[in-house]
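Engineer: Take a look at this one; I'll ask things after.
The values are calculated or read from the model by the stated rules, or taken from the named source; none is laboratory data. A quick note: this is a predicted structure, and the numbers were derived from the prediction, not measured. Ideal geometry is used to build each Cβ from the backbone, glycine not excepted, and the neighbour counts take in all protein chains shown. Only protein heavy atoms, including side chains, enter the accessible area calculation; ligands, DNA and RNA are left aside. Shrake-Rupley method; radii C 1.70, N 1.55, O 1.52, S 1.80 Å.
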Amino acid sequence: MAGSSDPNKAKVSEKLQQRLEGEIGDLFFVLVNIARYLSVDPESALRKTNRKFRERFHHVESGLRDAGQVWEDVSLEKMEELWQEAKQRERT
């Protein structure tokens with residue numbers, strides 16, 4: 001979002017923001033059409049992905065809580081380690 005105070009977000013002009021939204025929208029449209037062509041319900045696929053993300057995120061939160069740590073004091077490497085643990089648990 002243009003003008004956002006989040007330091008992790010790209011700072012772009014309003015005109016570029018609108019163009020990017022259009023391009024991203026086009027990408028979504030193409031992905032939905034590919035899913036439909038492959039007989040995959042795009043909404044169901046997105047729900048499953050959101051559920052998987054929430055479960056992984058919950059694992060990271062639990063891991064930090066169990067270790068007595070808070071987000072602000074944890075390295076990205078530690079968070080990635082917990083994220084990979086969550087993914088590994090899905091495979092078993």
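Engineer: Condition first: surrounded by 12 or more Cβ atoms within 10 Å (Cβ to Cβ), outside any helix (DSSP H, G or I) and among the aliphatic types (A, V, I, L, M). Can you find one or more residues in the range 65-75 that meet it?
Structural biologist: yes
Residue by residue, here is whether (1) among the hydrophobic types (A, V, I, L, M, F, W, C); (2) under 16 Å from the mean Cα position of the chain (by Cα) holds:
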residue	(1), (2)
39	no, no
44	no, no
47	no, yes
52	no, yes
62	no, no
65	no, no
74	yes, no
80	no, yes
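Engineer: Pick from the range 12-58 the residues that are open to solvent by less than 80 Å² (accessible area, probe 1.4 Å) and part of a loop (DSSP other than H, G, I, E, B): which of them is nearest to residue 87 (Cα to Cα)?
Structural biologist: Residue satisfying both the conditions and the ranking: 40.
Engineer: Within the range 23-71, which residues are among the charged types (D, E, K, R) and touching a residue at least 12 places away in the same chain (Cβ under 8 Å)? Steps first, please.
Structural biologist: We begin by selecting, within the range 23-71, every residue among the charged types (D, E, K, R); these are 23, 26, 36, 41, 43, 47-48, 51-52, 54-56, 61, 65-66.
Across the range 23-71, the qualifying residues are 52, 55, 56.
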